[in-house]
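All of the numbers you see were taken from the coordinates with simple rules; none came from a lab. Values in this document were obtained by computation on a predicted structure and should not be read as measured data. Every residue, glycine as well, gets a Cβ built from its backbone with ideal geometry; the counts of neighbours run over all protein chains shown.
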Amino acid sequence: METIGIKRWQIAPPAPAIFFERLPAIHPLIAQILYNRGITESAAVAAFLDGALIADNPFQMQGMEAAVRLARQALARGDLIVVYGDYDVDGVTACAILIQTLRSLGGQVLPYIPNREDEGYGLNKDAITTLAEDGARLLITVDCGIRSLDEVAWARRQGMQVIVTDHHHLAEALPPAEAVLNPRRSECAYPFKDLAGVGVAYKLAQALLRVNRQSPLPTTRTELDEAELLDLVALGTVADMVPLLGENHVLVAKGVEAINAARRPGVNALLAVSGAEVGQVTTNTIGFMLAPRLNAAGRISEAMTALDLLLAPDMASAMPLAQELDTLNQERRTLTTDVQDRARALIMETDETPPLLFAASADFPHGVVGLAASRLLDEFYRPAIVVSIEDEWSKGSARSIPEFHITQALDTMADMLLRHGGHAAAAGFTVRTERLPELKARLLALAREQLAGLTLAPTFQVDVEVPLEMLSWDLYREMEKLQPFGYGNPTPVFVSRRARVRSARAVGADGRHLKLFLSDQQGRTWDAIAFRQGEWIGRLPDLIDIVYVLKVNEWNGRVNLQLDVHDIHIAE
């Protein structure tokens, strides 16, 4: 590892020679990238490159038989079924999957997504009571419920049966539901543990549809193919930032294909208002264009708008909803920037940057505190917590760095939290307002203890060091076989040393970006762009080391390979 400016470059250790010997037909750089992703067995390598599932049996998941039996009984009786979701993209898409599936089987289905501001994350007793009074007899949670022990018990006391489907980390005990689907259960034999909430919901939908093909319910209305749900799986999986490895990699690849096939009116309308082109959708399109608009509904309005869009039967009904989400997303951007600026001002009241950033205010809308925390983390490279203060209970959102597992940190403070949950990098919680100072003090003390002696700086994770002259169109085409890229399977990052600067100029508004032409040791010239690095103008040496990804640039009918430079170091 080496320090470059305030950023570190961490180059992955080389794979052992025997690994390359087992994969003679694969380019050594591609083999190294696979090794870096933890894909080390020959069968796993073949499955990853071929887009094949090593296992595809939903009944391997603990509790699936009971869940299918309960759902089919409710369908046969004509019971009112509630699908209770979360207000983020993962929860909304999971809701859409089960609603579409259950309705195809003739179910009387009611969606319920809590209001972020009034109800907060997960199950709540008031909503459960109302749903029971409305006649609900089966409650199916999606992307929530695994830590809602009291609420699930309450639902059963109201006369409801409960199926919990979730993917979050478990508490010490399981909720007392009739069926609990979560691949993270220690006794669960399902081979892939990192499904998103929408992935778990999809497994239940798969199981219901496959059983119904063998033994059709008399209530069945339409024949639904499980492949018709894969676009929703891709949306939720990419948005929730679970690793795009294993089964997620295959599901998202097929889901992106489904989005590009333009079958779902709601997604097509969202693409239209986003300025994205059908047929050209990638995981980046989902992460930066579609997901923010779907999320905006739950952040500053009602997540039901996003759900209605995904279930819209035609473009005429979908387009107004997509336009509403686009408007909400613009409002969300403004609110997020405002909260970020005010949170930064609170943090900077002290003379030094603390090991953990904590900002709380009654002026922070709950719907954007997570986004503001994420931006603060990017700016300061510290765990960041932003809290919306309310009269009795305050709601906070946390984002963290690899050196500090935020959910485990909150677990140690469960005695003062009404509810909390999440994973290593992100979490949410509800705390009594009068205990906010105590929570802040305990989190700061824990961060000081765990982060003591560490150099906290952004790190570029580099796959391999490679001479520029080794790059080629053939290598680029081999890398494309690793698609789709995303969390856990990022676009491959390279380091090249001693690239010669042929020319450099500032481009973009206020000269913020840097346009470069570099040459390798054989004199070949490379087109390069370094976004937000225009400050190098006037002080670039002849030779530089660069961290970059290899991309294709299309301009004025010309297509060429381009280096997207993420960081620059003066060559030794």
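Most exposed first by the Cβ proxy, i.e. fewest other Cβ within 10 Å, how do 552, 387, 466 rank?
Numbers: 552 11, 387 27, 466 19.
Exposure proxy ranking, most exposed first: 552, 466, 387.
Please state, as a whole number in µm²/s, the translational diffusion coefficient that the Stokes-Einstein equation yields for the range 469-525 at 4 °C and 1.567 mPa s, with Rh defined as the Kirkwood radius across alpha carbon pairs.
Numbers: Rh = 14.0 Å.
Using the Kirkwood radius from Cα pairs, D works out to 93 µm²/s.
Report the GluC sites (Glu not before Pro) located in the range 111-197 that are in a DSSP loop and have at most 10 other Cβ atoms inside 10 Å of their Cβ, or state none.
Numbers: sites: 117, 119, 133, 151, 172, 178, 187; in loops: 117, 119, 172, 178, 187.
Taking the range 111-197 and a limit of 10 other Cβ atoms within 10 Å, the loop GluC sites (Glu not before Pro) found are 172, 187.
Among 144, 95, 188, which comes first, second and so on when ranked by fewest other beta-carbon atoms within 10 Å?
188, 144, 95
Hull surface divided by four, with the convex hull built on the Cα atoms of the chain: how many nm²?
Directional mean of the projected Cα hull area for the chain stands at 28.0 nm².
Residue 531 to residue 572: FRET efficiency via 1/(1 + (r/R0)^6), r the Cβ-Cβ distance, R0 35 Å, to the nearest 0.05?
Between residue 531 and residue 572 the formula returns 0.90.
In whole Å, how far is the Cα centre of the range 167-240 from that of the range 250-326?
If we compute the Cα centre of each part, the gap is 21 Å.
Taking R0 as 30 Å, what FRET efficiency do you get between residue 130 and residue 221 from their Cβ-Cβ distance, rounded to the nearest 0.05?
Efficiency, rounded to the nearest 0.05: 0.65.
Apply the a/c threshold of 1.5 to the C-alpha gyration tensor of the range 110-192 and tell me whether it is rounded, prolate or oblate.
Verdict is prolate for the range 110-192.
Over all distinct Cα pairs, what is the inverse of the mean 1/r for the range 21-101, reported as the Kirkwood hydrodynamic radius in Å?
Evaluated on the range 21-101, it is 16.6 Å.
At 7 Å along Cα-to-Cβ for each site, give me the label-to-label distance between residue 551 and residue 40 in nm.
3.3 nm
With a point put 7 Å past each Cα toward its Cβ, work out how far residue 539 is from residue 22 in nm, to one decimal.
It is 4.7 nm.
Antiparallel DSSP bridges in the chain: what percent, to the nearest 5?
About 60 percent, rounded to the nearest 5.
Write out the GluC sites (Glu not before Pro) in the range 359-420 meeting two conditions: DSSP loop, and at most 12 other Cβ atoms within 10 Å of their Cβ. Mind showing how you got there, number by number?
Working: sites: 379, 390, 392, 403; in loops: 390, 392, 403.
Qualifying residues, ordered by number: 392.
Structure shown: which of 125/203; 193/395; 7/395; 515/551 lie over 22 Å apart, alpha-carbon to alpha-carbon?
Details: 125/203 27 Å; 193/395 29 Å; 7/395 32 Å; 515/551 15 Å.
Too far apart for the 22 Å limit: 125/203; 193/395; 7/395.
Volume per residue, Å³, of the convex hull around the alpha-carbon atoms of the range 216-294?
Here the figure is 107 Å³ per residue.
List the residues of the range 364-378 whose backbone N lies under 20 Å from a point placed 7 Å from the Cα of residue 330 along the Cα-to-Cβ direction.
Zone members listed by number: 368.
Determine Rg/Rh for the range 234-379; Rg is computed over alpha-carbon atoms and Rh is the Kirkwood hydrodynamic estimate from the same atoms.
Values: Rg = 17.5 Å, Rh = 16.6 Å.
We get a ratio of 1.05 for the range 234-379.
Sort 168, 569 so that the residue with the fewest other Cβ atoms within 10 Å of its own Cβ comes first and the one with the most comes last.
569, 168
Return an integer: the convex hull volume of the alpha-carbon atoms of the range 147-294, in Å³ per residue.
That works out to 149 Å³ per residue.
What FRET efficiency do you get for residue 564 and residue 314 if R0 is 45 Å and r is their Cβ-Cβ distance, rounded to the nearest 0.05?
0.70
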